[in-house]
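These notes are about the structure you will find just below.
Any read-out appearing in this document is the output of simple, stated calculations on the displayed coordinates, not a laboratory observation. Quick caveat: nothing in here was measured; it's all calculated off a predicted structure. Note: ideal-geometry Cβ built from the backbone for every residue, glycine included; neighbour counts use all protein chains shown.
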Amino acid sequence: MSTTLALIAVLAGGTSQGDPNAKQLIEKMLGHYYSAKSVVGTIMLTVASGNQSAKMETVLQYERPGKFYLFQQKDESHRSKDEQWRWMVTGDGKEFSYDAPDVSTSLGTGNAGTRLKETQTNPRTGKPMDIGDIYLAAGKSLGDRSMPLDIAIARRDDMLFRKNQWMDYAVTGKNTLRGVEGFRISGGLRENLGAAQMGSYQMVVSEEGDLLQYVEQMKVAVGEGKSVLVTSQWDVNLKVNATVEPSLFKVKLKYN
């Protein structure tokens, strides 16, 4: 059994319930990114509640096994000198750099202050670190560590955790996004396996297995006895096995 098929077999287990067509599309999507040699593109997050909204863009590029670039920034209208508003991770196969996870190092600067650099060698095993290892190391240093980003990078443990957040799944129609037709899959969302439902999700997946859009809706408490409905929508425009720009993998300790 190939590595990809073995992963899908593991992901197919668990307690999520749904129709076979949705299950097949999800498995195809997960295998699509897990077997990708490279991924290039963007993810645009829009968070909305009532008449208010905010955006954050993620630019992602990687080339397996160990070359990695990720840049995130808030839209200009939601940047503050007292909060970090941009994040970057780069890895050239030998070293990688990322923002210090303690956001207090950035207060008063309007952007990331302290950046860290490490060798791409696992200190315990001595083996080279791949893109999943870099992503794990820098995970607490990101502005938006999302379901679509976890799917695109396809680190096995992240995919298992995320898959268990989907309580059920069903194909509920079709959507055409950026000229590409995809199947809409919907279901209940929970924090982790065995937890109660906390909201709902919807994803749009193309026939080829590309994730085109992912949406989560949940009520968030804003005071005693009060809550608001928050919608988080990620518009995904990632190309699998696309040509990468090598210069982006350069290890950087400064943004400029």
| field | Pairwise label distance in nanometres, Glu83 with Lys127, each label 7 Å out on the Cα-Cβ vector | value | 3.9 nm
| query | So what are the ³J(HN,Hα) numbers for the stretch 56-71, from phi and the Karplus equation (6.51, -1.76, 1.60; θ = phi - 60°), rounded to whole Hz, Gly and Pro as x? | reply | 8, 9, 10, 9, 10, 8, 9, 9, 5, x, x, 9, 8, 9, 9, 9
| request: For a label point 7 Å from the Cα of Arg64 along Cα→C-beta, name the residues of the stretch 142-160 whose backbone N is under 12 Å from it. | output: 153-156
| In terms of modelled amide H atoms, which long-range or inter-chain residues lie less than 5 Å from the amide H of Leu177? | Gly182
| task | Pop the C-beta distance of Ser53 and Ala196 into the FRET formula with R0 = 41 Å and round what comes out to the nearest 0.05. | result | 0.90
| Estimated 222 nm signal from helices in the chain, with DSSP H stretches of n ≥ 4 weighted -39500 (n - 2.57), rounded to 500 | -5500 deg cm²/dmol
| query | So what J values fall out for the stretch 183-196 if you push phi through Karplus, 6.51 cos²θ - 1.76 cosθ + 1.60 with θ = phi - 60°, rounded to Hz, Gly and Pro as x? | reply | 8, 8, 10, 10, x, x, 10, 10, 5, 7, 4, x, 7, 6
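Could you size up the charge dipole of the stretch 3-249 around its Cα centre, putting +1 on the beta carbon of Lys and Arg and -1 on that of Asp and Glu, and report it in debye to the nearest 20?
So the magnitude is around 200 debye.
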| field | Extension reserve of the Phe161-Thr46 stretch, reckoned as 0.36 nm per residue once the Cα distance is removed | value | 39.1 nm
| said: I need the phi-derived Karplus couplings for the stretch 197-203: 6.51 cos²θ - 1.76 cosθ + 1.60, θ = phi - 60°, integer Hz, Gly and Pro marked x. | reply: 5, 10, x, 9, 9, 8, 10
| message | With the cut-off at 26 Å, tell me which of the pairs Lys174/Lys226; Lys67/Lys127; Lys28/Lys74; Lys81/Lys226; Lys28/Lys250 have Cα atoms farther apart than that. | response | Lys174/Lys226; Lys28/Lys74; Lys81/Lys226; Lys28/Lys250
| When you count, for each residue, the other Cβ atoms within 10 Å and take the mean per peptide, how do 190-201, 232-243 rank with the highest first? | 232-243, 190-201
| task | Quote the Stokes-Einstein diffusion coefficient, in whole µm² s⁻¹, for the stretch 3-249, based on the Kirkwood radius over alpha carbon pairs, a temperature of 20 °C and a viscosity of 1.002 mPa s. | result | 112 µm²/s
| Length released on extending from Lys37 to Glu207, taking residue separation times 0.36 nm less the Cα-Cα span | 59.3 nm
| query | Tell me, Leu142, Leu30 in order of fewest to most beta-carbon neighbours within 10 Å? | reply | Leu142, Leu30
| note | Under 5 Å from the placed amide H of Gly199, counting only residues 5+ away or on other chains, we find Leu189
| Residues whose placed amide H lies under 5 Å from that of Thr172, excluding near-sequence neighbours | Arg184, Ile185, Ser186
| Value of Rg/Rh across the stretch 151-239 [Cα atoms, Kirkwood radius] | 1.01
| task | Kindly flag which residue pairs out of Lys117/Lys254; Lys117/Lys252; Lys37/Lys117; Lys37/Lys140; Lys94/Lys252 have an alpha-carbon separation exceeding 18 Å in this structure. | result | Lys37/Lys117; Lys37/Lys140
